[in-house]
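Attaching a single structure in structure tokens format; questions to follow.
The values are calculated or read from the model by the stated rules, or taken from the named source; none is laboratory data. This structure is a prediction, so every number in the text was calculated from the model and none was measured. Positions of Cβ are generated from backbone atoms using ideal geometry, with glycine treated the same way; all protein chains shown enter the neighbour counts.
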Amino acid sequence: MTYVITEPCIGTKDTSCADVCPVDCIHPAAGEEGHEEATMLYIDPSECIDCDACVEACPVDATMSEDDVPDKWEVFKEINRVYYEDGPAAGEKMVADYLSSKA
């Protein structure tokens, strides 16, 4: 099991979760390349150690166990994975597509 950042992070990008992550798997954090342009933050599923620290730190309840992601945000499991496997542009495109589908 891993943790996932979901819709409430879009536009928020509060980095409290990144600040408490013991393995530095949440990006782009404040001060990192791409932070200003990013729509949201992302958790690297291959690096996440399932410690749960990010869940309590998130002020907008965007971070949760992949098992707890509601159906309406199921796509965010894939978005987080794609961001790391295919690159930030691919992850951001998925977020843009998600937002377009809601409009």
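Check off (1) crowded, with 18+ Cβ neighbours inside 10 Å; (2) among the small types (Gly, Ala, Ser); (3) out of contact with any His (no Cβ under 8 Å at 6 or more places or on another chain) for Gly11 and give me the number that stays unchecked.
Every listed condition holds for Gly11 apart from (1).
Is there a residue being over 22 Å from Ser100 (Cβ atoms) and polar (S, T, N, Q) anywhere in segment 55-63?
Checked segment 55-63: at least one residue is over 22 Å from Ser100 (Cβ atoms) and polar (S, T, N, Q).
With the requirement that a residue be in contact with an Asp or Glu (Cβ under 8 Å, 6 or more places away or on another chain) and farther than 14 Å from Glu66 by Cβ, what does segment 1-19 give you?
Our first condition is that a residue be in contact with an Asp or Glu (Cβ under 8 Å, 6 or more places away or on another chain); within segment 1-19, this holds for 1-4, 8, 18.
If the condition is that a residue be in contact with an Asp or Glu (Cβ under 8 Å, 6 or more places away or on another chain) and farther than 14 Å from Glu66 by Cβ, then Pro8, Ala18 are the ones that fit.
A further question follows. Looking only at segment 34-54, filter to residues that are part of a loop (DSSP other than H, G, I, E, B) and small (Gly, Ala, Ser); which one of those is surrounded by the most Cβ atoms within 10 Å (Cβ to Cβ)?
Taking segment 34-54 as the starting set, the residues that turn out to be part of a loop (DSSP other than H, G, I, E, B) are 34-41, 44-52.
With the extra rule that they be small (Gly, Ala, Ser), the set shrinks to 34, 38, 46.
Numbers: Gly34: 12, Ala38: 21, Ser46: 10.
By that ranking, first place goes to Ala38.
Need the failing condition index for Ser65 against (1) crowded, with 16+ Cβ neighbours inside 10 Å; (2) modelled with pLDDT of 95 or more; (3) of a type in the set (Ser, Thr, Tyr), just the number.
(1)
Please determine whether any residue of segment 9-19 is in contact (Cβ under 8 Å) with a residue 60 or more places away in the chain, under 20 Å from Lys93 (Cα atoms) and outside any helix (DSSP H, G or I).
Going residue by residue through segment 9-19, those that are in contact (Cβ under 8 Å) with a residue 60 or more places away in the chain are 10.
Now drop any that are not under 20 Å from Lys93 (Cα atoms), which leaves 10.
Then keep just the ones that are outside any helix (DSSP H, G or I); that gives 10.
Looking for residues that are in contact (Cβ under 8 Å) with a residue 60 or more places away in the chain, under 20 Å from Lys93 (Cα atoms) and outside any helix (DSSP H, G or I), one finds at least one in segment 9-19, hence yes.
Does Ala57 satisfy being loosely packed, with under 13 Cβ neighbours inside 10 Å and of a type in the set (A, V, I, L, M)?
Details: loosely packed, with under 13 Cβ neighbours inside 10 Å: no; of a type in the set (A, V, I, L, M): yes.
Against the criterion (loosely packed, with under 13 Cβ neighbours inside 10 Å and of a type in the set (A, V, I, L, M)), Ala57 does not qualify.
Check Ile43, Ile79 and return the single one that is under 13 Å from Ile5 (Cα atoms), in contact with a His (Cβ under 9 Å, 6 or more places away or on another chain) and not aromatic (Phe, Trp, Tyr).
Working: Ile79 fails: in contact with a His (Cβ under 9 Å, 6 or more places away or on another chain).
Answer to the check: Ile43.
A further question on this structure: Restricting the first residue to segment 47-67 and requiring it to be farther than 9 Å from Tyr3 by Cα, which pairs with a second residue that is hydrophobic (A, V, I, L, M, F, W, C) and assigned to a loop (DSSP other than H, G, I, E, B) meet a Cβ separation below 6 Å and a spacing of at least six or different chains?
Partner pairs satisfying both residue conditions: Glu47/Val23; Glu47/Cys25.
Quick check, is Gly31 farther than 19 Å from Lys77 by Cβ, exposed (fewer than 14 other Cβ atoms within 10 Å of the Cβ) and under 12 Å from the mean Cα position of the chain (by Cα)?
Details: farther than 19 Å from Lys77 by Cβ: yes; exposed (fewer than 14 other Cβ atoms within 10 Å of the Cβ): yes; under 12 Å from the mean Cα position of the chain (by Cα): no.
Answer is no for this residue.
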